[in-house]
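The structure under discussion appears below in the form of structure tokens.
The values are calculated or read from the model by the stated rules, or taken from the named source; none is laboratory data. Owing to the predicted nature of the structure, the values given are computational and were not obtained by experimental measurement. As a convention, Cβ positions derive from the backbone with ideal geometry for all residues, glycine included, and neighbour counts pool all protein chains shown.
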Amino acid sequence: MGYVAVEAENGVEVMEKVSVRPLGGIEVLRQLHEQTHNIPVILVTAYSDLDSVQRAWGLQVIDYERKPIRVAELKQRLGKYLGAAPSKA
């Protein structure tokens, strides 16, 4: 089984792309966690308050990146979690 990445600006856009009712990012994570424990999630968000971070970790995200995204670092993290060698950015 392969991996599918969904690029989106926020949780609402993610839900629109996967044809489900609009929700916030944490709610998307909560529902994914309820349905399956096998979906690795790297949360990319503009929020960095302690409550948001704790809720995300409580929903077992594998990593947490604050916007703006540093592409080279994100590629390295993706390679780490997907078992691929990091590419030169």
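The table for this structure:
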{"item": "For Pro22: the one exception among (1) at pLDDT below 80; (2) assigned to a strand (DSSP E or B); (3) not β-branched (Val, Ile, Thr)", "result": "(2)"}
{"item": "Search result, residues across the range 32-41 that are loosely packed, with under 15 Cβ neighbours inside 10 Å and modelled with pLDDT of 80 or more", "result": "Glu34, Pro40"}
{"item": "Failed item, numbered, when Tyr3 is tested on (1) among the aromatic types (Phe, Trp, Tyr); (2) modelled with pLDDT under 70; (3) part of a helix (DSSP H, G or I)", "result": "(3)"}
{"item": "Close pairs (6 angstrom Cβ cut-off, 6 or more residues apart or separate chains): in a helix (DSSP H, G or I) in the range 49-61, among the β-branched types (Val, Ile, Thr) anywhere", "result": "Arg55/Ile26"}
{"item": "Top-ranked residue in the range 42-58 [being of a type in the set (A, V, I, L, M) and modelled with pLDDT under 85; ranked as farthest from Val6 (Cα to Cα)]", "result": "Leu50"}
